[in-house]
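Following: one structure in structure tokens, then a few remarks.
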Amino acid sequence: MSPEDVLILPGWQNSSPDHWQSRWEARYGYRRVEQHDWMHPLRGDWTARLEDVVGDAPRPVVLVAHSLGCILTAWWAAHTRHAGKVRGALLVGPGDVARPDIAALLPGWTPIVRAALPFPAVLVGSQDDPYCALERARAMAADWHARFVDAGACGHLNAASGLGDWDAGHALIAPWVAAR
């Protein structure tokens, strides 16, 4: 698998240079799926962009999603013609857009698709994520048929969490990246 076949799916407001997604992009050559508007995300626009990128990919891909990117992945998977091109998905710190406080900031992102994903997935949740309670993340993993990993108390699993290159997270995609 070529590095550009690993697609980075940031959440709302994109991932800063210190975020593990940006660090993986720089370190491994993974490709960020650029969205038209990071500050005012529209589910339809983000879904169409992901559909185009995966559809145009010459080989199978691995999705690496954070926060709103996790919610996007589930929505896209339920509507795409290209699910068969996904080797696996790492879903980290999903944002609970069904919570009233978050729904007010990100209108149009509900309902959260709660159907089984058509590809293998791992969901990593944090015990003290301010945007998604651990039990809610665990329930999403169960609904999506994703393996659940409890990261401990790591906040939103973003740059503020101090994960650095987050080698433990990278190890979760190794089987999909190594597969030929």
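The values are calculated or read from the model by the stated rules, or taken from the named source; none is laboratory data. Here the structure is a predicted model, which is why all the values come from computation and not from measurement. For neighbour counting, all protein chains shown are included, and Cβ atoms are generated from backbone atoms with ideal geometry for every residue, glycine included. Protein only, heavy atoms only, side chains kept; ligands, DNA and RNA dropped before computing areas. Shrake-Rupley method; radii C 1.70, N 1.55, O 1.52, S 1.80 Å.
Here are some notes:
- Computed across the range 96-141, the Kirkwood radius stands at 11.7 Å (inverse of mean 1/r, all Cα pairs).
- Over the chain, dividing the summed -39,500 (n - 2.57) contributions of all DSSP H runs of at least 4 residues by the number of residues returns a 222 nm mean residue ellipticity of -9500 deg cm²/dmol.
- Two-site FRET efficiency, residue 38 against residue 78, from Cβ-Cβ distance with R₀ of 22 Å, rounded to 0.05: 0.45
- Taking 0.36 nm per residue of sequence separation and removing the Cα-Cα distance, the residue 153/residue 128 pair yields an extension gain of 8.5 nm.
- Rg over Rh for the range 1-83 works out to 0.94, both radii taken from alpha-carbon positions and Rh defined as the Kirkwood radius.
- Taking all protein chains together, 1, 39, 140 sort by accessible area into 39, 1, 140, largest first [probe 1.4 Å].
- Taking the range 27-180 and dividing mean pair separation by its residue count, relative contact order in percent (alpha carbons under 8 Å, at least six apart): 19 percent
- Rg and Dmax over the alpha-carbon atoms of the range 103-180 stand at 13.9, 43 Å.
- Accessible heavy-atom area order of 28, 131, highest first, probe of 1.4 Å: 131, 28
- The alpha carbons of the chain stretch over 41, 32, 29 Å along the principal axes, in descending order.
- Full extension of the chain segment joining residue 2 with residue 99 gains 31.2 nm, where the gain is 0.36 nm per residue of separation less the Cα-Cα distance.
- Annotation: residue 145 carries an accessible surface of approximately 140 Å², with a 1.4 Å probe and no ligand, DNA or RNA atoms counted.
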